[in-house]
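Reviewing the structure listed below.
Each value in this text was obtained by applying a stated rule to the coordinates, not by laboratory testing. If you're wondering where the values come from, they're calculated on a predicted model, not measured in any experiment. Here the Cβ positions follow ideal geometry from the backbone for every residue, glycine too, while neighbour counts run over all protein chains shown.
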Amino acid sequence: MTTGRFGSCSRKTSETEVEVSISLDGQGLFEGSTGLKFLDHMLAQLAFHSLSDMRVSVKWDLVHHGVEDTAITLGKAIGEALGEREGINRFGHALVPMDESIASVAVDLVRRAYVRVDLKLTGTRVEDVAAEDLVHFIESVVINVPAVAHVEVLRGYNDHHKVEAAFKALALALRHAWSTNPRYAYGRSTKGSV
């Protein structure tokens with residue numbers, strides 16, 4: 001795991017046991033497993049395209065609990081890694097195509113929680129994950145950073161491609177938003193604090 005801006009979070013309940021660590025200044029490496037192949041694939045995309053190094057360990061009783069608690073823990077780990085959020089770009093956006101699908105994401109790494117997710121999924125599952133759990137995953141990550149994010153699939157017909165385009169766009173938007181800029185050393189807000 002690369003050093004630098006690093007965060008980790010553990011969550012243990014009667015339903016789940018989750019450990020997540022992340023280095024925002026990494027090489028795009030993903031280690032571990034959630035027990036769900038498609039979610040692991042999306043986490044690998046998130047790590048790779050955001051150039052963060054991520055390690056995940058998850059045990060769960062029910063799939064929904066595992067997805068939700070992984071998202072909560074990842075969001076909190078990102079929030080810890082961001083620290084005081086000084087010197088970051090704060091805002092990020094991306095438009096990512098994947099074959100016939102295209103996704104748009106805009107993020108603000110302010111300390112307020114708001115998220116809107118519209119993946120335009122038509123099926124009830126994407127591979128081994130419920131479609132509603134994928135939406136809930138993105139919502140839960142953002143809320144627990146906390147941050148503001150608007151995640152929207154603009155068009156497409158293949159649900160796998162739509163979700164993957166959205167995760168890649170989220171990764172690129174986050175990478176830009178949490179990148180540092182010495183000109184923003186005192187915070188990226190007219191209020192003086194994000």
With +1 on the Cβ of every Lys and Arg and -1 on the Cβ of every Asp and Glu, and nothing else charged, how large is the dipole of the chain about its Cα centre, in debye rounded to the nearest 20? 880
Please name which of Gln27, Ala130, Tyr157 has its Cα lying farthest along the dipole of the chain towards the positive end, using unit charges on Cβ (Lys, Arg +1; Asp, Glu -1) and the Cα centre as origin. Gln27
For the range 77-143, which semi-axes, largest first and in whole Å, follow from the square roots of 5 times the eigenvalues of its Cα gyration tensor? 26, 16, 10
Arrange Leu154, Leu170 by Cβ neighbour counts within 10 Å, fewest through most, would you? Leu154, Leu170
Of Val63, Ala81, Leu119, which is farthest along the charge dipole of the range 6-184 in the positive direction, counting Lys and Arg as +1 and Asp and Glu as -1 at C-beta? Ala81
If amide H atoms are modeled at 1.01 Å from N in the peptide plane, then the residues at a separation of 5 or more from Glu127, or on another chain, having amide H under 5 Å from its own are none
Proximal lysine pairs, the chain, alpha carbons under 26 Å, eight or more residues apart or interchain: 15
Which ordering of Ile138, Ile72 is given by a fewest-first count of other beta-carbon atoms within 10 Å? Ile72, Ile138
Counting only GluC sites (Glu not before Pro) that sit in a DSSP loop (anything but H, G, I, E, B) with at most 16 other Cβ atoms within 10 Å, what is the longest stretch of the chain containing none of them? 16-83
Rounded to a whole number of µm²/s, how large is the Stokes-Einstein D of the range 6-184 at 25 °C and 0.890 mPa s, given Rh as the Kirkwood radius over C-alpha pairs? 155
